[in-house]
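Shown next, in structure tokens, is the structure this report addresses.
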Amino acid sequence: MKRIILGLQVLGLILVGQAFAGATRTTNTLYVDQMTYMVKEVERDGSLIWWYGGTGILNQPSDAERLPGGTLTLICDTNNNRVIEVSPDGSTFTVFYNPVVYPNPVDAERKGTLTLIAFQCGVVGVATGSTSVLDWYISSPNPVDVEWLANGNILVANNTSVQEICYQGPTSPLVNIGGLNSVRDIEWLSNGHIL
């Protein structure tokens, strides 16, 4: 029975990993291991092929995604109050760091040179390059996941609703799907639906 359950868990991770991969679809899975404070990449058979972090390096990481090109990994290092890029050899580049004004990033998405970041403090913002200042931001209660949309807008999940917000336009939501419970992840599907 344990072998069947393990197989289903690995299959589930592969499906999630394919969603992270975006333009570079692979069968490898990239995930955050909350128990070890590590970001790990595993092959289809569960073999560990890359990792970054551990106690003293990452502090409660909450999100990781492989960037286009397949070599850099974007990581929200939540309790270290930073968003970083990590190369395959483990060297890092800080994308955003401001523990005083914008603590605890929980999700980040890249679009060109823009990094969309959701913070536990109730802010969703955009950073360009390595900075401690957001180029644009809005207030959003309890944001947990953010996505860039093809039309340039932003999709925000904040526990009880999903909102489409115009980037650098009016801050009132264009779409507001409310009455939800404990939303943790959202994906805009190619057919125009929201998963």
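What follows is calculated from the coordinates using simple rules that are stated; it is not laboratory data. Because the structure is a prediction, the values reported are computed rather than measured. Ideal geometry is used to build each Cβ from the backbone, glycine not excepted, and the neighbour counts take in all protein chains shown.
Taking the Cα centre of the chain as origin and charging only Cβ (+1 Lys, Arg; -1 Asp, Glu), how large is the dipole, in debye to the nearest 20? Please list the in-between numbers first.
Working: 10 positive and 17 negative charges, 53 e Å.
For the chain, the charge dipole is close to 260 debye.
Where Rh denotes the Kirkwood radius from the mean inverse Cα pair distance, what is Rg over Rh for the range 45-157?
Details: Rg = 13.7 Å, Rh = 14.2 Å.
Rounded to two decimals, Rg over Rh is 0.96.
Could you calculate the FRET efficiency of T160 with T71 from 1/(1 + (r/R0)^6), where r is the beta carbon distance between them and R0 is 35 Å, rounded to 0.05?
Numbers: r = 37 Å, r/R0 = 1.06.
Between T160 and T71 the formula returns 0.40.
For n ≥ 4 DSSP H runs only, could you compute -39500 (n - 2.57) per run for the chain, divide by its residues and tell me the 222 nm figure to the nearest 500?
Details: 1 runs with 20 residues, N = 195.
Result for the chain, helices only: -3500 deg cm²/dmol.
Using 0.36 nm per residue of separation minus the Cα-Cα distance, give me the extension gain between I194 and S130 in nm, one decimal. Please report the intermediate quantities before stating the final value.
Numbers: separation 64, 0.36 × 64 = 23.04 nm, distance 3.10 nm.
Gain on stretching I194 to S130: 19.9 nm.
Mind giving me the FRET efficiency for L174 and I49? R0 is 35 Å, r the Cβ-Cβ distance, nearest 0.05 is fine. Write down the numbers at each step before the final one.
Details: r = 41 Å, r/R0 = 1.17.
Given R0 = 35 Å and the Cβ-Cβ separation, E is 0.30.
Length gain on complete extension for the stretch N79 to R184, per 0.36 nm per residue less the alpha carbon to alpha carbon distance? Don't skip to the answer; put the middle values down first.
Details: separation 105, 0.36 × 105 = 37.80 nm, distance 1.83 nm.
36.0 nm is the gain from fully extending N79 to R184.
Over the alpha-carbon set of the chain, divide Rg by the Kirkwood Rh and report the Rg/Rh ratio to two decimals. If you can, show how the numbers build up before the last one.
Numbers: Rg = 16.5 Å, Rh = 17.2 Å.
Answer for the chain: 0.96.
5 Å is the cut-off here: which amide hydrogens, built 1.01 Å from N in the peptide plane, fall below it relative to V123, excluding neighbours closer than 5 in sequence?
HN-HN under 5 Å from V123: S140.
List, largest first, the extents of the alpha carbons of the range 110-195 along their principal axes, each in whole Å.
35, 29, 22
So, in Å, what gap is there between the alpha-carbon centers of the range 151-183 and the range 76-147?
18 Å
In the chain, once you exclude exposed trypsin sites (Lys or Arg not before Pro) (DSSP loop, at most 16 other Cβ within 10 angstrom), what's the longest stretch remaining?
Details: sites that count: R25, R44, R184.
Between exposed loop sites, the widest span is 45-183.
Describe numerically, in nm with one decimal, the distance between label points set 7 Å from Cα along Cα→Cβ at Q34 and at L149.
It works out to 2.9 nm between the two label points.
Over the chain, what relative contact order in percent results from Cα pairs under 8 Å that are six or more residues apart?
Working: 457 pairs, mean separation 18.6, N = 195.
Relative contact order for the chain comes out at 10 percent.
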